[in-house]
1. Net charge near Leu132, counting Lys/Arg +1 and Asp/Glu -1 over other residues with Cβ under 9 Å of its Cβ?
2. Rounded to the nearest 10 degrees, what's the angle between the helix 42-55 long axis and the longest principal axis of the chain, both from Cα atoms, 0 to 90?
3. Which pairs in the list Lys42/Lys146; Lys23/Lys57; Lys136/Lys183; Lys53/Lys136 are over 27 Å apart, alpha-carbon to alpha-carbon?
4. Quick one: which residues, 5+ away or cross-chain, put their amide H under 5 Å from the amide H of Ser134? H built at 1.01 Å from N.
5. Which one, Ile160, Ile111, Ile36, has the greatest fluctuation when you compute a Gaussian network model over the chain with C-alpha springs under 10 angstrom?
6. Test of understanding: extend the Cα→C-beta vector of Asp5 to 7 Å, then name every residue of region 39-53 with backbone N under 17 Å from that spot.
7. In degrees between 0 and 90, to the nearest 10, how far off the longest principal axis of the chain does helix 26-35 point, with axes built from Cα atoms?
8. Using the Kirkwood radius built from alpha carbon pairs, what does the Stokes-Einstein equation give as D for region 60-203 at 4 °C and 1.567 mPa s, in µm² per second?
Amino acid sequence: MRGRDKFKKYKKIIDGLTYINSKFPKKLNKVLFNAIRPLDGKIVMLTRYILLKNLAKQCGDNVSIHSNVYLNNVENASIGNNVSIHPMCYIECLGELSISDNVSIAHGVTIMTTEHKHSDVESDINSQGVYLDSVKVQENVWIGAKATILSGVTISSGSIIAAGAVVNNFIQPNVIVGGVPAKILKFRTENYASGKVDKELVHSHI
């Protein structure tokens, strides 16, 4: 039985537990969410989901957050249905993070929604503050192990980010990208493979 089927089977119970937890202070829930970060097991995964449901801006059904995932400023995250985030990921949501349905994020991935300001050469970089710029991951995306997604990026639906890639620009739909910085390695559909790429769409995000 797939995870989404198990979730559907026990949804009423999970919704009930989520409702009870919603009566807890958000500060307490955030402390608990961080405290159980290194732990594993089905009960821990369920607890993590319930806490996330009450902390995030939005959280759908069957969201799996594995152990040792740093999900910072989670109140600025919107997460869809059937999303899995595997161990050792570092995700900064301060500048707004949106993850749509059916997204799989492999282990060791970094997602940033902030970037250091550095224009003033007379000042230390670490004293100039940060820019906030949202990241959007559309539906049916797979982000491979140890990939890095930088701030201001949109990853369009159906795309695959290869392991170790550094994504610093708009990723069009249904492509496989890899490298530093990430570039298209392969098109996943006949239209793209034949060269019928929506150039206007691409350039509008550059």
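1. Numbers: positive: none; negative: Glu96, Glu115, Asp133.
Local charge sum for Leu132: -3.
2. That helix lies at roughly 70 degrees to the long axis.
3. Values: Lys42/Lys146 25 Å; Lys23/Lys57 16 Å; Lys136/Lys183 18 Å; Lys53/Lys136 19 Å.
None, as every Cα separation is 27 Å or less.
4. It is Gly152, by chain and number.
5. Largest GNM mean-square fluctuation: Ile36.
6. No residue passes the distance filter.
7. The angle comes out at about 80 degrees.
8. Values: Rh = 15.7 Å.
The calculation lands on 83 µm²/s.
Here, each number is a calculation from the coordinates, and none is a lab measurement. A quick note: this is a predicted structure, and the numbers were derived from the prediction, not measured. Neighbour counts run over all protein chains shown; Cβ positions are idealised from the backbone, glycine included.
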